[in-house]
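The block underneath contains the structure these notes are about, expressed in structure tokens.
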Amino acid sequence: MTKTSSYQGWNITEAEREIYRQRSQASSLAKVKALRGEGKPPIHPINQPKLNPDTLMAKLANNGLNSLSLFSGGGGLDLGFDRAGFNHIAASEIIPDAGITLKQNRPNWQIFSGEDGNVKMRDWRPYHGLVDVLHGGPPCQPFSVAGRQKGEADSRDMFPEFVRAVLEIEPRAFVAENVTALVGKKFQRYVAEVIESPLAQKYHLTKFILSAPDFGIPQVRQRVFFVGFREQKIAAKYQPPQPTHYWPDLSANTTQKTVQLNLLSSQTLPEKRCLGVREALGLPDIGFDGLAPTIRSGLTGPRHTTSILSSVSAQKVWEKLQIWPNGVAATRENAHLFVAQNSHFRLSVPDCAIIQGFPESWSIYGAVYMALGQIGNAVPPPMAYWVAVSIAEALLSSS
Ligand SMILES: C[S@@+](CC[C@H](N)C(=O)[O-])C[C@H]1O[C@@H](n2cnc3c(N)ncnc32)[C@H](O)[C@@H]1O
């Protein structure tokens, strides 16, 4: 396991660490027995998902625009831009396993990973004039409500590095993505001083929030996007993506928030329905379906984890969905063999990938916690895709 400043756990006491250790040892033992066929007999057949996220982002022809990514993780944003027809020039990511994910899926991309992918160490000036769109999701832990919200006092705050890269490369446009807490009151001064003020010298800026189910992804998840264009006339015409899907019953998920910024005011409802998470995963009808609660990354929190549970209220939703969000299995076969104590459906890494909008054709490298880390940190690729499409439309309409 590689330790980097990007995914340190919170400080916990030795006693707390010991409780976690014992719990995880007991669970590992139970898993080993189950995989040997000595556990409870399987009750859920191996599921065949109904949702293929590739269908949410039809591959577009090469649009002649070059993109470069920072903080690329397991490639959510990168995959969305790729499907939208961009040429990917290079990606930088500090976690070696995430670098392997990118390399194994797109061997022709230039990937800087591990210390070589540390954006702090890179001089971006050689890319000046070569990049149309620079995109990236600087780590969200400094701003996330699930963390301590120390902002710029958190050593993981990488927005200044993102800003430096934009100013050195001077792409035609940039996209920075993060948690919505960043545009809350607490970080107003931070956003104005660290992000907007230095970039506004050369860019025309806009920001908006997108919701995953609006793009067919069966999960309660919102992300804020900061977009900048060098040319004023392009910025003036720019339209953020409009929803492609509707979720029929918002009341079914009490965790759904309705935060809207630069309100995406689609006048008419899109025709396509976002599937519930059970339907998306191909699980039998139990008379209830809903959106999955926001999934957490296996790399954040008190320790690395194979649970995607993000909160107490999320626990209630998973229970209603009869899905067990802890002890995620590496494969569907293993999930089938390792019956959850409460007999609910056990998730696997490929199922979590679908809940985050990754198609099965995109393989995610690493141990379960590491794969869940990359999945949970990602921008859902179909959401990234529609952002990429909107930016390509703006840039190409002016040429
Ligand atoms: C929010 S995740 C990005 C997710 C990605 N945009 C996606 O859609 O899949 C932030 C990423 O930044 C990486 N990171 C943190 N510090 C870094 C650094 N100094 N240089 C490069 N990558 C870094 C983390 O390892 C993590 O994968």
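Each reported figure results from applying straightforward, stated rules to the coordinates on display, with no laboratory input. Please read these numbers as outputs of a predicted model, since none were measured by experiment. Glycine gets a Cβ as well: all are built from the backbone with ideal geometry, and neighbour counts include every protein chain shown.
Helix content alone sets the calculated 222 nm mean residue ellipticity of the chain: runs of n ≥ 4 DSSP H residues at -39500 (n - 2.57) each, divided across all residues, give -8500 deg cm²/dmol. Taking amide H positions as placed in the peptide plane 1.01 Å from N, state which residues far from F345 in sequence (5 or more) or on other chains have amide H under 5 Å from it. Distant-sequence amide H within range of F345: I323, W324. Projected over all directions and averaged, the alpha-carbon convex hull of segment 278-396 occupies 8.9 nm².
How far is helix 368-377 tilted off the main Cα axis of the chain, in degrees rounded to 10, range 0 to 90? Tilt of helix 368-377: around 40 degrees.
The angle between the Cα long axis of helix 312-321 and the longest principal axis of the Cα atoms of the chain comes to about 60 degrees, rounded to the nearest 10.
Quick check: from the Cα gyration tensor, does segment 16-77 come out rounded (a/c under 1.5), prolate or oblate? Note, shape of segment 16-77 comes out oblate.
The distance between label points at S343 and K50 comes to 2.4 nm (points 7 Å beyond Cα on the Cα→Cβ vector). Helix 159-169 axis versus longest C-alpha principal axis of the chain: approximately 40°, rounded to the nearest ten.
Packing, taken as the mean count of other beta carbons within 10 Å per residue, orders the peptides 289-297, 318-326 from highest to lowest as 289-297, 318-326. Most tightly packed first, judged by the mean number of other beta-carbon atoms within 10 Å of their residues, the peptides 336-349, 31-44 read 336-349, 31-44. Take every pair of alpha-carbon atoms less than 8 Å apart whose residues are at least six positions apart; their mean separation over the length of segment 90-163 yields a relative contact order of 23 percent. Note on K185 and K40: their simple-model spin labels are 4.6 nm apart, each label 7 Å out from Cα toward Cβ. Within the same chain, lysines fewer than 8 places from K59 are excluded, and of the rest, those with a Cα less than 27 Å from its Cα are K50, K103, K207, K237, K272.
Taking every DSSP bridge with both residues inside the chain, close to 40 percent are antiparallel. Take every Cα pair under 8 Å whose residues are at least 6 apart in sequence, average their separation, divide by the length of segment 310-399, and the relative contact order is 20 percent.
Within the same chain, aspartates and glutamates fewer than 8 places from K31 are excluded, and of the rest, those with a Cα less than 18 Å from its Cα are E333.
Charge dipole of the chain (Cα centre as origin; +1 on each Lys and Arg Cβ, -1 on each Asp and Glu Cβ, all else neutral): 580 debye, rounded to the nearest 20.
Structural descriptor for segment 305-354: relative contact order 34 percent, calculated from alpha carbon pairs under 8 angstrom and at least 6 residues apart. Let me see the P(r) profile for the chain: every Cα-Cα distance counted, bins of 10 Å, each bin given as a percent of all pairs. In order of increasing distance, the bins hold 5, 23, 34, 25, 10, 3, 0 percent.
Which residues in segment 359-383 place their backbone N less than 15 Å from a point set 7 Å from the Cα of Q104 along the Cα-to-Cβ direction? Backbone N within reach: 359-375.
Largest mean-square fluctuation among I89, I19, I308, in a Gaussian network model of the chain whose springs join Cα atoms under 10 Å apart, belongs to I19.
Extending 7 Å from the Cα toward the beta-carbon at both D116 and S397 defines two label points whose distance is 4.1 nm.
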